[in-house]
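Here the structure comes first, spelled out in structure tokens, and everything after it is commentary.
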Amino acid sequence: MTIPSVPPALYLVLSAILFTIGVVGALTRRNAIVVFMCIELMLNSVNLTFITLSRFLQSIEGVLFAFFVMAVAAAEAAVGLAIFVMIYRSRETINVDEINLLKW
Amino acid sequence: MTENIGTILQWLVFLGMAFTSILASLLLITRKNPIHSALFLVLNFLCVAVLYLLLQSQFIAIIQVIVYAGAIVMLIVFVIMLLDLEEELRSGLKLFYSKVIGSVLAVLFLFGLIYSLAATSLKGKAGSYTPEKMSANVKAVGEALFTQYLFPFEIISVLLVTAIIGAVILSKKRS
């Protein structure tokens, strides 16, 4: 008897679980840097979906999309962390529930 | 039995990496110290990189380790050290209900995703990149990137330059 190899659905379920953990973290944490890390986690889980479908549908577009997502994540990291440093300089905090100047 | 050894190994690596990455991401969102969160983020990225290798995407696995686990997490750790944050206090009741409702909705979203996976199988026409062709992964990626997808590639480079300029301008001291 032969054992079937790992089905694509399991990879997709894993990526859905990681995405949900990222959403929950981004919603419940107060520290802006941890929220940022949760967003990176979500981007990463979407990359896993891209690679899985690229592998099982035998196309290379998923790999290229994952590459582009990584470039966007790098750009986001540079700008986002610069914004955090600037907010900390002016407000002495980066707790997301205390930064509410734009709230009416 | 001998032909099953590769598959058994694949299952073992997949299950180990899946559980480790879920555990690492759960620890990431529950630790109070942001440095610990950053280190669990690295663990999660490395586990996902191994899964990429299992999916025969060597290029993305290497880029994952270099860009995500190397550059981005290094930036995050650097900023955490720069900001000298106190440990995060448990938030008061102010936002409690919105957090509970948001988490419940996120879990419902997970159930929706899993249901959609269980209800349908993988559709779509299979492309021409068979596993044999993908084994020369870097070459295939480079060919597609510099011929058919040259324009998005150039746009990504413009985006990166914009991000660098933006970061420099944002972190410049106002005179």
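Every number in this text was worked out from the coordinates using simple rules, so none of it is lab data. Remember, it's a predicted structure, so these values are computed and weren't measured experimentally. We place every Cβ from the backbone using ideal geometry, glycine too, and count neighbours over all the protein chains shown.
Expected output is a single nm value to one decimal: the length gained when fully extending between residue B:8 and residue B:165, i.e. 0.36 nm times separation in residues minus the C-alpha distance. What is it?
51.6 nm
Picking from B:82, B:27, B:105, which is most flexible by a Gaussian network model of chain B using Cα springs under 10 Å?
Result for chain B, Cα springs under 10 Å: B:105 fluctuates most.
If you rank B:57, A:54, B:128 by fewest surrounding Cβ atoms within 10 Å, what's the result?
Taking fewest neighbouring Cβ atoms as first place, the list is B:128, A:54, B:57.
Can you give the extra length, in nm with one decimal, that the chain gains between residue B:104 and residue B:27 once fully stretched, where that is 0.36 nm per residue apart less the Cα-Cα distance?
25.8 nm
Between the range B:1-59 and the range A:1-42, what is the C-alpha centre distance in whole Å?
The two parts, judged by their Cα centres, are 11 Å apart.
Report the one residue of B:109, B:72, B:142 whose Cα lies farthest in the direction of the positive end of the charge dipole of chain B (charges on C-beta: Lys and Arg +1, Asp and Glu -1; origin at the Cα centre).
The listed residue farthest towards the positive side: B:109.
Specify the longest stretch of chain B that does not include any exposed loop site, a site being one of the trypsin sites (Lys or Arg not before Pro) with a non-H, G, I, E, B DSSP assignment and at most 14 other Cβ atoms within 10 Å.
The segment B:33-89 is the longest one with no such site.
Once you order the gyration tensor axes a ≥ b ≥ c over the Cα atoms, which shape class does the range B:1-86 get: rounded for a/c under 1.5, otherwise prolate or oblate by comparing a/b with b/c?
The shape class here is oblate.
Using the count of nearby Cβ atoms within 10 Å as a rough guide to exposure, how do B:7, B:147 rank from fewest to most?
B:147, B:7
I want to verify a result. In a Gaussian network model of chain B, Cα cutoff 10 Å, which of these has the top mean-square fluctuation: B:18, B:118, B:144?
Evaluated over chain B, the most mobile residue of the options is B:118.
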